[in-house]
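Working notes for the structure below.
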Amino acid sequence: MEVRKLQLIGGSSYMVSLPKNWVKDNELKQGDDIYLQVEDSVITLYPKSFREFSRITSVHIEKLFRLDEKFVRRFIYALYLQGIDEIVISDDRINARMVSKIGEIVKDLIGMEIIDATEGKVVLKCLTSTDFDVYGVVRRMSQIIQSMIETITESIEKGDREVVKDIENLEKDSDRLYLLAVRQEHRLVREFSSPSKWNELRLILGIRTVAKLIEEIADSLYNFSTYAVEMTPEELKKARVYFERLGKIFDSVAKAYFNSDVELSEETIEKLEELEELLLSNMEGGVYYRLAVETILSACRHMKSIGEIAFNKSVRESLREMRKSAKT
């Protein structure tokens, strides 16, 4: 770390000189603009070129490495997750069939649409606002989990074997929201890269982890619904007890996370540990029963991870409030 002396100029202004190598490396000259980002006790300096680069939201791809659907899907997903708003792909090999495949791919990406398509070129644009609340996206994902649990419970009561289709649609919604959460996380990481924003950055990274855990829970619930329709009435009755217990605990873990409640976090973790032990001691049964219990166990462990994140988040926010109180 380099140390520079603070100098007083003209009796009212202060100055710190910039390292000569830094000025040369960024191709700066006298009179160029330097951006100052002031946050609490930290000032971050940016050359104009860096600020413009950090806001790049459009890319032009001259030629795709491969044209098979699996690669194109992975490639477009990667660009979407990076926070790119406009993707222009120019490739002589692009035809009407490929455009149709790309159209199917972007259906899974919230806000992304084909706005122009010709032979050899396709233009994708994200039409959603970029300033949405990523915290709200994760909250919506948790609501989807609650809907899945309620739908499965109701279907067990009514003996509805068609529930799998509804659960599959909810699971797909969860996947789409997860991709949206990761996309916004990448944009926010760039914004919160300065030292004074590290607390916010830690929160954003934590939200991404919770979003992934919720997405995994959605997958487990979907799998449970496929096994539930194959179980015997007695097995279903037994599994239902564990499933309903899981649903109540998820409500608690969601509240603990969103409300930063340290006591509720600890209480929820303990309940999940008890349920985990109960499930492990009741694995005997038919194939579909055992598979169903495994899915509940998997969801249970993911919820426990959310509970631990909620606990750490609660403690961290409590420490921050204590520091604020100490300053005042």
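The values are calculated or read from the model by the stated rules, or taken from the named source; none is laboratory data. Computed from a predicted structure; not experimentally measured. Reconstructed Cβ throughout: ideal geometry from the backbone, glycine too, with neighbour counts over all protein chains shown. Heavy atoms of the whole protein, side chains included, go into the accessibility calculation; ligands, DNA and RNA do not. Shrake-Rupley method; radii C 1.70, N 1.55, O 1.52, S 1.80 Å.
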Per residue accessible area in Å² of the chain, where ligands, DNA and RNA are left out and the probe is 1.4 Å: 58
Under 21 Å Cα to Cα from residue 125, which lysines show up? Leave out anything in the same chain fewer than 8 places away. 63, 70, 101, 107
Would you mind telling me the share, in percent, of accessible area of the chain contributed by carbon and sulfur at probe 1.4 angstrom? 51
With DNA, RNA and ligands ignored, accessible area of residue 121 (1.4 Å probe; Å², nearest 10): 80
Please build a GNM for the chain, connecting alpha carbons under 10 Å apart, and tell me which residue among 186, 302, 60 fluctuates the most. 60
Tell me, what ³J(HN,Hα) does each residue in the range 270-285 have, in order and in whole Hz, if you take phi through Karplus 6.51 cos²θ - 1.76 cosθ + 1.60 with θ = phi - 60° and put x for Gly and Pro? 5, 5, 5, 5, 5, 5, 4, 5, 4, 5, 5, 8, 10, 8, 6, x
Give me the percent relative contact order of the range 56-180, please, defined on Cα pairs under 8 angstrom at least 6 residues apart. 22
Would you kindly derive the ³J(HN,Hα) couplings of the range 244-261 from the backbone phi angles with the Karplus curve 6.51 cos²θ - 1.76 cosθ + 1.60 (θ = phi - 60°), listing them in order in whole Hz, with x for Gly and Pro? 5, 5, 4, x, 5, 5, 4, 4, 5, 5, 5, 5, 4, 6, 5, 9, 6, 9
Give me the distance between the Cα centres of the range 209-249 and the range 112-186, rounded to whole Å. 19
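What order do 65, 243, 311 take when sorted by accessible area (1.4 Å probe), most exposed first?
On the way: 65 165, 243 0, 311 65 Å².
The ordering from most to least exposed comes out as 65, 311, 243.
Efficiency by 1/(1 + (r/R0)^6): what FRET value for residue 241 and residue 317, r their Cβ-Cβ distance, R0 = 25 Å, to the nearest 0.05? It would help to have the intermediate numbers written out before the result.
Working: r = 35 Å, r/R0 = 1.42.
Computed FRET efficiency for residue 241 and residue 317: 0.10.
Taking only C-alpha pairs under 8 Å that are 6+ residues apart, what is the relative contact order of the chain in percent?
Values: 378 pairs, mean separation 43.3, N = 328.
Relative contact order, the chain: 13 percent.
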In whole Hz, what ³J(HN,Hα) sequence does the range 151-158 give by Karplus (6.51, -1.76, 1.60; θ = phi - 60°), x for Gly and Pro? 5, 5, 4, 5, 5, 5, 5, 8
Label-point separation (nm) for residue 212 and residue 251, each offset 7 Å from Cα along Cα-to-Cβ? 3.0
For the chain, what does -39500 (n - 2.57) per DSSP helix run (n ≥ 4), summed and divided by total residues, give at 222 nm, in deg cm²/dmol to the nearest 500? -22000 deg cm²/dmol
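Give me the extension gain from residue 282 to residue 61: residue separation times 0.36 nm, minus the current Cα-Cα distance, reported in nm with one decimal.
74.1 nm
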Which residues' amide hydrogens lie under 5 Å from the amide hydrogen of residue 112, considering only partners 5 or more residues apart or on another chain, with H built in the peptide plane? 127
Work out the length of the dipole vector of the chain about its Cα centre, built from +1 on the beta-carbon of each Lys and Arg and -1 on the beta-carbon of each Asp and Glu, and round it to the nearest 20 debye. 1400
Report the local net charge at residue 273: Lys and Arg +1, Asp and Glu -1, summed over other residues whose C-beta lies under 14 Å from its C-beta. -3
The alpha-carbon pair-distance distribution computed for the chain, with 20 angstrom bins and whole-percent values, is 24, 44, 27, 5, 0
Stokes-Einstein D in µm²/s, Kirkwood radius over Cα pairs - the range 212-321 at 37 °C with 0.692 mPa s viscosity: 229
Give the accessible area for residue 230 in Å² (nearest 10); use a 1.4 Å probe, count only protein heavy atoms, and leave out ligands, DNA and RNA. 90
